[in-house]
1. Return the loop-located chymotrypsin sites (Phe, Trp or Tyr not before Pro) in the stretch 354-400 (DSSP other than H, G, I, E, B) with at most 15 other Cβ atoms within 10 Å of their own Cβ; answer none if there are none.
2. One quarter of the convex hull surface, Cα atoms only: what value does that give for the stretch 84-145 in nm²?
3. Calculate log10 I(q)/I(0) of the stretch 295-342 for q = 0.25 Å⁻¹, where I(q) comes from the Debye formula with a single equal point scatterer on each Cα and nothing for solvent.
4. Starting from 0.36 nm per residue, how many nanometres of slack lie between TYR325 and ASP107 once their C-alpha separation is accounted for?
5. Name the shape class, rounded, prolate or oblate, that the alpha-carbon gyration tensor gives for the stretch 248-332, where a ≥ b ≥ c are the square roots of its eigenvalues, rounded holds for a/c under 1.5, and otherwise prolate holds if a/b is larger than b/c and oblate otherwise.
6. List the aspartates and glutamates whose Cα sits under 20 Å from the Cα of LYS244, skipping any in the same chain fewer than 8 residues away.
7. What whole-number distance in Å separates the alpha-carbon centres of the stretch 302-349 and the stretch 400-416?
8. For a distance above 27 Å, tell me the whole-number percent of Cα pairs in the stretch 67-201 that qualify.
Amino acid sequence: MAKKLLQQQQQLVAAGAWGSIRSSFHSFIALFVAFLFIALVFLSQNNMQFMIEDRISSSKNLDLLSNKCNLFSGKWVFDNKSYPLYKEKECTFMSDQLACGKFGRKDLSYQFWRWQPHQCDLPRFNATALLERLRNKRLVFVGDSLNRGQWVSMVCLIDTSIPDPSLKSMHYNGSLITFKAIKYNASIEFYWAPLLVESNSDDSVNHRLPDRIVRVQAIEKHARHWSDADVLVFNSYLWWRRSKMEVLWGSFESSDGIHKEVAMPRVYEMALRTWSDWLEVHINRAKTQLFFVSMSPTHQSAEEWGGAEDGNCYSETEPVMKEGYSGGDTGSEIMPLVKSVLDGLNRRGLNVQLLNITQLSEYRKEGHPSVYRKQWEPLTENQISNPSSYADCIHWCLPGVPDVWNELLYAYLVRE
């Protein structure tokens with residue numbers, strides 16, 4: 001009897017234990033289901049957020065593709081997290097004319113400004129995507145030292161993405177300099193032609209001549225070097241900044257040529273017509289993309305932005321923040337001529353995209369090398385005592401403003 005009672009008690013204990021286990025199991029299942037439900041809700045919300053962000057991104061890209069976005073209207077935003085796009089010391093082919101940090105500039109904030117268009121975003125520069133776009137192709141910058149600066153910027157943007165030295169090369173051939181991304185068989189080149197047409201300033205080294213002479217009807221000497229390019233980026237402004245220029249009808253080798261002084265901007269227009277006529281006849285519309293870079297403003301007079309009467313870009317550390325600011329160069333008669341010529345080409349079926357970098361560069365009075373560059377000639381005592389007297393307020397430090405010019409170019413090259 002006692003034994004039977006003991007067995008009954010054991011069965012009751014076991015049943016209680018099993019009930020407890022079963023209850024715990026059910027609780028666990030309930031908790032697991034609740035956790036799974038919460039996780040699904042969280043993932044659903046995140047997925048919805050991603051979809052919204054993708055939709056916003058696609059909308060912005062659509063705006064860019066449909067030309068609803070004006071990439072050239074915007075503001076500069078300080079961004080020291082995603083900029084600069086490369087480091088000065090890491091660019092193998094950096095120019096001493098543009099390496100401001102190397103030549104003593106301590107304030108490097110000029111490297112951290114991002115251009116933000118008002119209605120959309122600039123696509124983030126991707127060197128690999130650009131190289132794929134340029135596979136087996138030639139991208140050629142044609143023009144003066146400002147265009148050469150943009151070319152150096154582009155080379156630096158690409159160079160730092162190719163760490164293996166055997167997969168890139170640089171070749172110099174007179175006025176033509178060629179950077180090659182060997183894996184892609186892609187060439188990024190610069191051709192020195194500061195006036196686009198033939199001139200007595202065409203030597204890439206010895207071109208600083210007091211008397212400038214142009215053959216406004218002669219361009220073949222230059223054009224044969226870039227006639228088969230897949231992408232052409234032209235500029236020509238700085239070397240035309242004078243009231244008159246001597247024009248030669250004939251050749252530099254002949255003594256019986258006709259010389260005549262022609263006033264600006266008429267002589268500039270004559271050269272542009274020769275250039276545009278050559279493009280219309282020789283460019284393969286199915287192959288070649290064409291760009292013209294608008295004038296790069298100088299910051300020679302600090303008085304224009306409220307600075308010292310005798311100052312310039314020297315010692316400037318901040319951009320002009322007043323939207324719509326324009327200096328003395330912006331009202332030039334030259335750029336309207338460029339637009340007129342490009343509009344004429346467009347009407348005749350040849351599209352040349354204007355990269356309008358003028359306004360956005362106007363704000364960047366602090367972005368120039370100033371005194372922080374290689375000096376090709378020894379400085380005088382007067383210059384040393386007055387640094388602003390030899391400050392370079394024309395060219396641009398790298399990394400810096402020309403990188404944004406190339407981001408704009410990139411947006412057009414990869415949008416197809």
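1. Here the chymotrypsin sites (Phe, Trp or Tyr not before Pro) that fit, given the DSSP loop and packing criteria, are TRP376.
2. 6.5 nm²
3. Ignoring solvent entirely, the Cα scatterers give -0.97.
4. 76.1 nm
5. Oblate, because a/c is 1.5 or more while a/b does not exceed b/c.
6. Leaving aside aspartates and glutamates fewer than 8 places away in the same chain, those within reach of LYS244 are ASP144, GLU198, ASP202, ASP211, GLU261, GLU269, ASP329, GLU333.
7. So the separation of the two Cα centres works out to 20 Å.
8. 29 percent
The values are calculated or read from the model by the stated rules, or taken from the named source; none is laboratory data. Since we're looking at a predicted model, the values are computed, not measured. For neighbour counting, all protein chains shown are included, and Cβ atoms are generated from backbone atoms with ideal geometry for every residue, glycine included. Accessible surface is based on the protein model in full, side chains and every heavy atom, while ligands, DNA and RNA are left aside. Shrake-Rupley method; radii C 1.70, N 1.55, O 1.52, S 1.80 Å.
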